[in-house]
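S.K.: Can you keep this structure in mind? I'll have questions shortly.
The values are calculated or read from the model by the stated rules, or taken from the named source; none is laboratory data. Because the structure is a prediction, the values reported are computed rather than measured. Methodologically, a virtual Cβ is constructed for each residue, glycine included, from the backbone with ideal geometry; neighbour enumeration extends over all protein chains shown.
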Amino acid sequence: MSETSWFTEFPQMDRADLLAIRKTLDGGYREFSRNYGEAIESFFDPILAFLVWFEKLLINAPWLLVIAIIVGIVYGATRSWKLSVGVIASLLLIGYLGMWEDTMRTLSIITVCTLLSIALGIPIGILMAGSNRAQSIITPILDIMQTMPAFVYLIPVVMLLGIGKIPGLIAVIIYAIPPVIRLTNLGIRLVDSEVMEAATAYGANRWQKLFGVQLPLAMPNIMAGINQTIMMALAMVVIASMIGVKGLGQPVLKAITNQYFTLGLFNGLAIVALAIIFDRVSQAYAKRSQRHMGGAHND
Amino acid sequence: MTEPQIKIENLYKVFGSNPESVMDLVHDGIDKNKLLVDTGHTLGLKDINLSINPGEIFVIMGLSGSGKSTLIRHFNRLIDPTAGKLIIDGMNVMDLSQDELLEFRRHRISMVFQRFGLMPHKTIIENVSFGLAVQKIEKKERYEKALRWIDDVGLSGYEDQYPSQLSGGQQQRVGLARALCTDAEILLMDEAFSALDPLIRSEMQDQLIELQQKLNKTIIFITHDLDEALRLGDRIAILKDGEVVQVGEPQDILLNPADDYVEAFVKDVNRARALTVETVMKAPVNRITAETIGEALVQMRGFKSEYGYYVSDEGYQGVVKQETLETAVKDDLVGDDWHEKYYEDVPTVAPGDILEEVIPETLDNQVPLPVVNDEGELEGQLSRAQISKVLSNE
């Protein structure tokens with residue numbers, strides 16, 4: 001090595017040391033998953049049971065009934081015949097093209113992921129809105145969750161829990177939960193301070209303020225967050241299929257490895273159809289819950 | 001004098017990372033700007049002492065940055081002071097526990113906000129009954145009560161609308177109804193009418209005065225508008241840079257401003273509208289009490305005027321002129337006794353009349369107008385010269 005090598009070449013750590021670090025960390029984690037893997041897995045058992053039950057329910061229920069329920073929800077939320085007809089047509093086409101079962105599997109895991117993301121994300125968002133310290137801690141974590149390539153955090157999850165629905169669920173939630181947290185936080189922070197002051201001045205306690213004022217007024221933002229969460233969950237379907245989540249992702253994966261363009265396209269379009277249904281329903285619901293925002297603004 | 005309902009004693013508010021640490025400097029009288037530069041703390045309120053009587057409208061006025069909005073938020077502890085006491089009905093509000101504070105806010109004190117502070121997602125009736133909902137009162141009962149207040153502020157028929165469907169003035173009526181709906185004795189009004197246009201504002205002022213005559217609440221009213229302060233206030237405190245510079249009745253402030261700051265304030269005020277006859281009139285020096293006309297003439301010559309106000313045991317009788325009396329004596333028409341026909345045709349004014357209303361009569365008459373109270377007694381006399389002196393800002 002020449003005298004100035006540090007100038008042209010980055011003075012990097014000794015290879016042996018680097019290897020040692022990796023070995024220790026990997027070994028440590030492997031040890032951890034060997035010792036606690038089962039305990040953690042059993043912790044997720046109830047969710048797994050629910051996931052399996054819900055998937056079976058959707059697959060085993062008569063397809064006509066499932067379509068009727070979905071269209072019922074769509075019409076109930078949007079009050080739009082056009083959209084309802086579109087939904088019927090796309091669901092019929094999906095079934096006719098042989099993707100009904102996969103679509104039901106995907107629908108079930110997305111529904112569960114979304115519900116869990118909301119159940120976890122909104123309280124975290126509320127916590128963040130209530131404390132600047134919590135915000136400064138949670139924000140970088142959310143940044144990591146959103147930018148870290150999904151494959152990277154799939155590794156430890158798979159090491160810990162093996163291949164299957166639960167690791168897939170965790171991966172999807174990690175990827176999809178940040179929007180609902182961020183927008184809950186933002187929505188609550190944007191509530192007019194004078195309105196909050198008024199609530200305080202009339203003696204409202206923390207819960208009365210939260211459920212009576214903050215959450216209702218943050219709802220447009222929270223709904224936007226939920227909408228984003230659903231879209232991101234759907235985008236993760238293909239990646240999740242790599243660790244054994246059945247559904248529309250697996251045929252897509254197969255199409256990629258075997259260069260079956262049409263198979264990929266059909267299943268991709270089925271995912272798009274699901275996305276559109278979720279999106280329109282959640283947006284229409286958000287809009288209808290904000291009736292007060294209409295009306296004449298005559299200041 | 002009645003006991004004050006609200007007393008503020010030696011109240012200080014310092015904003016910053018560690019307000020306690022700079023209190024010694026503040027007590028030593030450090031300059032506000034120096035405090036900010038040296039320690040990064042802002043002195044919001046400095047040694048405030050106020051006592052507010054039950055049933056009065058107490059106006060706190062100051063320009064923006066004077067600390068008035070900070071001060072009013074201490075009354076219900078939306079802001080906690082750095083030091084000092086707030087005593088309401090003999091109870092130190094600073095000693096209340098969290099739960100007691102909630103109860104205090106629910107039942108004893110209510111507030112009207114500058115930008116209304118209405119809940120945009122609730123209907124008018126839900127907004128008005130908000131204070132009762134917080135108290136967990138049955139829906140039926142609170143709606144009944146809310147409807148009555150909605151009616152009282154003149155918004156019947158709007159109860160199922162949302163705030164965004166109402167105009168600014170209507171929204172503030174909702175704010176007022178909400179504040180009155182909890183039956184709290186103390187009403188805080190933070191620049192309540194400042195966001196309204198002038199016509200609506202004076203309408204709302206009238207409505208407040210009218211309501212207050214019925215309700216007799218203790219009202220603390222914040223404003224930056226001296227005309228509004230003079231119109232509403234039983235007493236006014238003027239706040240400057242976080243300090244109270246003067247407290248007094250409206251005419252005190254107008255006629256005896258405590259310093260240059262207050263004086264600059266009152267310069268542009270429409271005094272004719274703010275002052276009453278009482279505050280401008282002179283003592284009734286031209287009072288004639290003589291029993292005969294002859295004696296009256298002697299008395300009149302004594303105070304070197306050509307007119308006088310004849311007052312008998314039954315109170316004020318009328319204005320007489322020297323000329324008329326002399327003619328009467330000379331012609332010996334009716335003897336030496338008083339007679340109605342000697343009185344001049346001059347109107348009387350009451351001590352409580354607004355100056356503006358009596359200006360025309362004052363100008364129409366040669367002699368100063370007699371000021372006569374409800375009991376018919378002569379209280380003073382009001383001349384053109386006095387009015388012009390007061391109005392010309394001398």
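S.K.: Please report, ordered by residue number, the helices (runs of 4 or more DSSP H) entirely within segment A:126-234 with at least 1 residues that are touching a helix residue (DSSP H, G or I) at 6+ places or on another chain (Cβ under 7 Å), at pLDDT 90 or above and surrounded by fewer than 23 Cβ atoms within 10 Å (Cβ to Cβ).
M.R.: A:132-147, A:165-176, A:178-189, A:193-201, A:206-209
S.K.: What number of residues within segment A:179-219 are among the charged types (D, E, K, R) and free of Cβ contacts under 8 Å to residues at least 12 places away in the same chain? Walk me through how you get there before you give the answer.
M.R.: To start, the set of residues in segment A:179-219 that are among the charged types (D, E, K, R) comprises A:182, A:189, A:192, A:194, A:197, A:206, A:209.
From the residues that got through so far, the ones that are free of Cβ contacts under 8 Å to residues at least 12 places away in the same chain too are A:194, A:197, A:206.
The total comes to 3.
S.K.: Then there is this: Residues in segment B:292-311: is at least one under 20 Å from the mean Cα position of the chain (by Cα) and among the acidic types (Asp, Glu)?
M.R.: no
S.K.: May I pose another question? Can you spot a residue in segment A:59-77 that is in a loop (DSSP other than H, G, I, E, B) and of a type in the set (A, V, I, L, M)?
M.R.: Checked against the condition, which is being in a loop (DSSP other than H, G, I, E, B) and of a type in the set (A, V, I, L, M), segment A:59-77 yields at least one hit.
S.K.: Picking from B:Val298, B:Val311, B:Val269, which residue would you name as being of a type in the set (A, V, I, L, M, F, W, C), farther than 30 Å from B:Ile30 by Cα and free of Cβ contacts under 8 Å to residues at least 24 places away in the same chain?
M.R.: Of B:Val298, B:Val311, B:Val269, the one residue that is of a type in the set (A, V, I, L, M, F, W, C), farther than 30 Å from B:Ile30 by Cα and free of Cβ contacts under 8 Å to residues at least 24 places away in the same chain is B:Val298.
S.K.: Within segment B:35-45, is even one residue under 23 Å from B:Gly175 (Cβ atoms) and either within 14 Å of another protein chain (Cβ to nearest Cβ) or under 25 Å from the mean Cα position of the chain (by Cα) (or both)?
M.R.: Just the residues of segment B:35-45 that are under 23 Å from B:Gly175 (Cβ atoms), to begin with: none.
The answer is no, given that none of the residues of segment B:35-45 is under 23 Å from B:Gly175 (Cβ atoms) and either within 14 Å of another protein chain (Cβ to nearest Cβ) or under 25 Å from the mean Cα position of the chain (by Cα) (or both).
S.K.: Looking only at segment A:254-284, filter to residues that are free of Cβ contacts under 8 Å to residues at least 12 places away in the same chain and of a type outside the set (A, V, I, L, M); which one of those is nearest to A:Thr229 (Cα to Cα)?
M.R.: Filtering first and then ranking leaves A:Lys254.
S.K.: Is at least one residue of segment B:185-202 crowded, with 17+ Cβ neighbours inside 10 Å, at pLDDT below 95, among the β-branched types (Val, Ile, Thr) and assigned to a helix (DSSP H, G or I)?
M.R.: Within segment B:185-202 (the criterion being crowded, with 17+ Cβ neighbours inside 10 Å, at pLDDT below 95, among the β-branched types (Val, Ile, Thr) and assigned to a helix (DSSP H, G or I)), the answer is yes, since at least one residue qualifies.
S.K.: Regarding A:Val245, is this residue within 21 Å of B:Pro163 (Cα to Cα) and part of a loop (DSSP other than H, G, I, E, B)?
M.R.: So A:Val245 does not fit the description; no.
S.K.: Still on this structure: I'd like to know if segment B:255-262 contains one or more residues that are of a type in the set (Phe, Trp, Tyr) and assigned by TED's automatic domain parsing to the domain that holds B:Ile48. Break it down into steps so the answer makes sense when it comes.
M.R.: Step one: of segment B:255-262, the residues of a type in the set (Phe, Trp, Tyr) are B:261.
Then drop every residue that is not assigned by TED's automatic domain parsing to the domain that holds B:Ile48, which leaves B:261.
Yes, the conditions are met somewhere in segment B:255-262.
S.K.: Quick check on my filter: what residues within segment B:153-191 are more than 12 Å from chain A (Cβ to nearest Cβ) and in contact with a Gly (Cβ under 8 Å, 6 or more places away or on another chain)?
M.R.: Matches in segment B:153-191: B:Arg173 only.
S.K.: Let me ask something else. Considering segment B:82-117 alone, what residues qualify as being at the interface with chain A (Cβ under 7 Å from one of its Cβ atoms) and among the hydrophobic types (A, V, I, L, M, F, W, C)?
M.R.: Result: B:Leu102, B:Met111, B:Phe113.
S.K.: Of the residues B:Arg201, B:Arg178, B:Arg173, which is basic (Lys, Arg) and farther than 30 Å from B:Leu102 by Cβ?
M.R.: None of the others qualify; the one that does is B:Arg201.
S.K.: So, one more: Taking the condition of a type in the set (Asp, Glu), surrounded by 13 or more Cβ atoms within 10 Å (Cβ to Cβ) and assigned to a loop (DSSP other than H, G, I, E, B), does B:Glu357 pass?
M.R.: Details: of a type in the set (Asp, Glu): yes; surrounded by 13 or more Cβ atoms within 10 Å (Cβ to Cβ): yes; assigned to a loop (DSSP other than H, G, I, E, B): no.
Taking the combined requirement at face value, the residue does not satisfy it.
S.K.: Within the set of pairs 6+ apart or on separate chains, which have a first residue in segment B:123-152 that is within 16 Å of A:Ala198 (Cβ to Cβ) and more than 14 Å from every other protein chain (Cβ to nearest Cβ), a second that is hydroxyl-bearing (Ser, Thr, Tyr) and surrounded by 22 or more Cβ atoms within 10 Å (Cβ to Cβ), and C-beta atoms under 8 Å apart?
M.R.: Between residues of segment B:123-152 that are within 16 Å of A:Ala198 (Cβ to Cβ) and more than 14 Å from every other protein chain (Cβ to nearest Cβ) and residues that are hydroxyl-bearing (Ser, Thr, Tyr) and surrounded by 22 or more Cβ atoms within 10 Å (Cβ to Cβ), there is no close pair.
S.K.: In this structure, does A:Leu19 turn out to be out of contact with any Ser or Thr (no Cβ under 7 Å at 6 or more places or on another chain) and not charged (D, E, K, R)?
M.R.: Yes, satisfied.
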